[in-house]
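This report refers to the structure that appears directly beneath it.
The values are calculated or read from the model by the stated rules, or taken from the named source; none is laboratory data. These numbers were taken from a predicted model, which means no experiment stands behind them. Please note: Cβ atoms are built from the backbone with ideal geometry, for glycine as well, and neighbour counts cover all protein chains shown.
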């Protein structure tokens, strides 16, 4: 089933063919981008200039970096980074640690096209696999991991495919009501982190974040079958400003 699905995804697009790490020198997914969310607090040896330099160097190497000024006690800063190569993400993480940031939580994932999106036009698939972040004007930010339930009488993975597709269509319809207000980036993490997906939301205002999550909780796909991890929230902030806030 997995090879067949990979073939379907590739056939829907004109993205580069699969190559191995020995051929291009990277540790990259065959399709899409590698993603890491890092949550950190400054240590006593924190250096703002080194934090800024780490971000600028990563961006110069082709890494997309979103910096977030966090609210609450969980973390002071969040960094979302996207690029093809895991090795570049590891190099960036090390540079942040050398700048005196203590990484207290993290999440590893990859951009993906849902199996329920098979047949969608290329114009809708490309932003999911290769998003351009952060979106302009949407500074309210939230991240949370989630999985599908496996409990008795609510096991998502025992449902027939057509039923799962129907439920996800309903879920997507609820989300599309927030077009223009909220941009959602869903990344896959099965096999690389504790949950199955990471959900990153960019919104116009903080209450947009609250409303979209609340609204979608009533969909059966969420109300019956979803399990959630820790939520993080903050404001997308330029690194030059953020570095001197923490």
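Looking at 149, 109, just one residue is touching a residue at least 40 places away in the same chain (Cβ under 8 Å) and either buried (at least 17 other Cβ atoms within 10 Å of the Cβ) or closer than 27 Å to residue 204 by Cα (or both), and that residue is 109.
Looking at residue 84, is it surrounded by 13 or more Cβ atoms within 10 Å (Cβ to Cβ), modelled with pLDDT of 95 or more, out of contact with any strand residue (DSSP E or B) (no Cβ under 6 Å at 6 or more places or on another chain) and closer than 19 Å to residue 185 by Cβ?
Numbers: surrounded by 13 or more Cβ atoms within 10 Å (Cβ to Cβ): yes; modelled with pLDDT of 95 or more: yes; out of contact with any strand residue (DSSP E or B) (no Cβ under 6 Å at 6 or more places or on another chain): yes; closer than 19 Å to residue 185 by Cβ: yes.
For residue 84, the condition - surrounded by 13 or more Cβ atoms within 10 Å (Cβ to Cβ), modelled with pLDDT of 95 or more, out of contact with any strand residue (DSSP E or B) (no Cβ under 6 Å at 6 or more places or on another chain) and closer than 19 Å to residue 185 by Cβ - is met.
Consider residue 118 carefully, then state whether it is farther than 27 Å from residue 241 by Cβ, surrounded by 15 or more Cβ atoms within 10 Å (Cβ to Cβ) and touching a helix residue (DSSP H, G or I) at 6+ places or on another chain (Cβ under 7 Å). No; evaluated as a whole, the condition is false for this residue. Taking the range 222-236 as the range and being touching a residue at least 60 places away in the same chain (Cβ under 8 Å) and crowded, with 19+ Cβ neighbours inside 10 Å as the test, the residues that pass are 225, 226, 232, 233, 234, 236.
Restricting attention to the range 135-145, does a residue exist that is free of Cβ contacts under 8 Å to residues at least 60 places away in the same chain and either in contact with a helix residue (DSSP H, G or I) (Cβ under 9 Å, 6 or more places away or on another chain) or not assigned by TED's automatic domain parsing to the domain that holds residue 84 (or both)? Scanning the range 135-145 turns up at least one residue that is free of Cβ contacts under 8 Å to residues at least 60 places away in the same chain and either in contact with a helix residue (DSSP H, G or I) (Cβ under 9 Å, 6 or more places away or on another chain) or not assigned by TED's automatic domain parsing to the domain that holds residue 84 (or both). Going through (1) free of Cβ contacts under 8 Å to residues at least 60 places away in the same chain; (2) in contact with a strand residue (DSSP E or B) (Cβ under 7 Å, 6 or more places away or on another chain) one by one, residue 218 falls short only on (2).
Does residue 92 count as touching a strand residue (DSSP E or B) at 6+ places or on another chain (Cβ under 9 Å) and farther than 30 Å from residue 55 by Cβ?
So residue 92 fails the test.
Scanning the range 87-101 for residues that are touching a helix residue (DSSP H, G or I) at 6+ places or on another chain (Cβ under 6 Å), buried (at least 21 other Cβ atoms within 10 Å of the Cβ) and in a helix (DSSP H, G or I) gives 92, 96.
Pick from the range 54-73 the residues that are part of a helix (DSSP H, G or I) and out of contact with any helix residue (DSSP H, G or I) (no Cβ under 8 Å at 6 or more places or on another chain): which of them is nearest to residue 185 (Cα to Cα)? Let's see the steps before the verdict.
Looking only at the range 54-73, we keep the residues that are part of a helix (DSSP H, G or I), and these are 54-60.
Okay, now just the ones that are also out of contact with any helix residue (DSSP H, G or I) (no Cβ under 8 Å at 6 or more places or on another chain), so 59-60.
Numbers: 59: 20, 60: 23 Å.
Among those that are part of a helix (DSSP H, G or I) and out of contact with any helix residue (DSSP H, G or I) (no Cβ under 8 Å at 6 or more places or on another chain), it is 59.
Out of everything in the range 168-217 that is touching a helix residue (DSSP H, G or I) at 6+ places or on another chain (Cβ under 8 Å) and in a loop (DSSP other than H, G, I, E, B), what residue ends up being surrounded by the most Cβ atoms within 10 Å (Cβ to Cβ)? In this case the residue turns out to be 178.
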